[in-house]
Amino acid sequence: MKIMEPDKSPIVIGCDHAAYSLKEKIKSFLMQMEIHVQDVGTFSEDSVDYPDFGIKAASMVSRGSFKRGILLCGTGIGMSMVANRFPNVRAALCSNIFSATMSRRHNNANLLTLGSRVIGEKLALEIVKVWLSAGFDQGRHKRRVDQFDRIDNINV
Ligand code: RB5
C-alpha cells in the first residue's frame with residue numbers, strides 16, 4: 001500500500017454550524033503539522049446554510065487555487081453533494097479509514113467531506129491524516145478518473 005508522508009499543500013476548509021467545533025479541531029491538527037489552512041467559515045455555532053460554505057471552498061479547489069479541501073457538516077452528505085457539482089472537484093465523504101485511503105488511491109479525491117454527527121473527533125483526525133498521506137495509484141485508476149472530465153459534454 002502506498003502510504004507516504006502527509007501532503008503539506010495548503011488546504012481550504014469550510015463547515016456549517018453543525019461541524020464548527022470539529023472544524024476548529026481539524027484546523028489545529030493541520031496547523032500542528034505545519035499545513036497552511038484557509039478557513040472560509042463558518043465561525044460560530046449560529047445556524048447557517050451549508051451550501052454557502054461548500055460553494056466557497058469547492059470553487060477554490062475547482063479553479064486550482066487550492067490543491068485540496070476539507071468540508072464538514074452534520075452528515076457530510078450535503079457538503080459532498082455541493083462540492084461534486086464543481087468541475088475538477090472529486091469530493092469523497094469518508095467515515096472510516098479504508099474509504100479515506102481508497103478515495104485517494106483509486107479516486108484521487110481532492111476534497112474530503114466529514115460528518116460531525118457521524119464520527120467522533122479521534123476518528124476524524126485519523127481520517128484526515130490518512131487522507132493526506134495516501135497517494136493516487138495511477139494506471140487504470142487514472143483512466144477511470146479522467147472519464148469524469150467528459151461528463152460535462154454528455155447531453156442528457
Ligand atoms: C444541518 O442541520 C444539517 O442538515 C447539515 O449539517 C448537513 O448534515 C447537511 O447535509
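The values are calculated or read from the model by the stated rules, or taken from the named source; none is laboratory data. Predicted model only: the values in this text are computed from it and were never measured. Here the Cβ positions follow ideal geometry from the backbone for every residue, glycine too, while neighbour counts run over all protein chains shown. Just the protein is used for accessible areas: all its heavy atoms, side chains included, with ligands, DNA and RNA removed. Shrake-Rupley method; radii C 1.70, N 1.55, O 1.52, S 1.80 Å.
MET81 meets the conditions (1) open to solvent by 40 Å² or more (accessible area, probe 1.4 Å); (2) hydrophobic (A, V, I, L, M, F, W, C); (3) farther than 14 Å from GLY115 by Cα in every case but one. The failed one is (3). I'm checking my understanding of the structure. Among residues of the stretch 43-71 that are within 11 Å of the ligand (Cβ to nearest atom) and surrounded by 22 or more Cβ atoms within 10 Å (Cβ to Cβ), which one is nearest to the chain's Cα centre (by Cα)? If we take residues in the stretch 43-71 being within 11 Å of the ligand (Cβ to nearest atom) and surrounded by 22 or more Cβ atoms within 10 Å (Cβ to Cβ), then LEU71 is nearest to the chain's Cα centre (by Cα). Looking only at residues of the stretch 80-105 that are among the basic types (Lys, Arg) and away from the ligand (no atom under 16 Å from the Cβ), we find that the one that is farthest from TYR50 (Cα to Cα) is ARG105. Each residue in the stretch 9-29 was checked for being in a loop (DSSP other than H, G, I, E, B) and either within 16 Å of the ligand (Cβ to nearest atom) or touching a His at 6+ places or on another chain (Cβ under 6 Å) (or both), and 2 of them qualify.
Within the stretch 1-41, how many residues are out of contact with any Phe, Trp or Tyr (no Cβ under 8 Å at 6 or more places or on another chain), hydroxyl-bearing (Ser, Thr, Tyr) and buried (at least 17 other Cβ atoms within 10 Å of the Cβ)? Final tally of qualifying residues: 0.
Going by what's in this entry, would ILE77 be described as over 19 Å from LYS8 (Cα atoms) and within 16 Å of the ligand (Cβ to nearest atom)? Here the answer is yes, as ILE77 does meet what is asked. Within the stretch 106-115, is even one residue of a type outside the set (Asp, Glu), within 16 Å of the ligand (Cβ to nearest atom) and open to solvent by 60 Å² or more (accessible area, probe 1.4 Å)? Checked against the condition, which is being of a type outside the set (Asp, Glu), within 16 Å of the ligand (Cβ to nearest atom) and open to solvent by 60 Å² or more (accessible area, probe 1.4 Å), the stretch 106-115 yields no hits at all.
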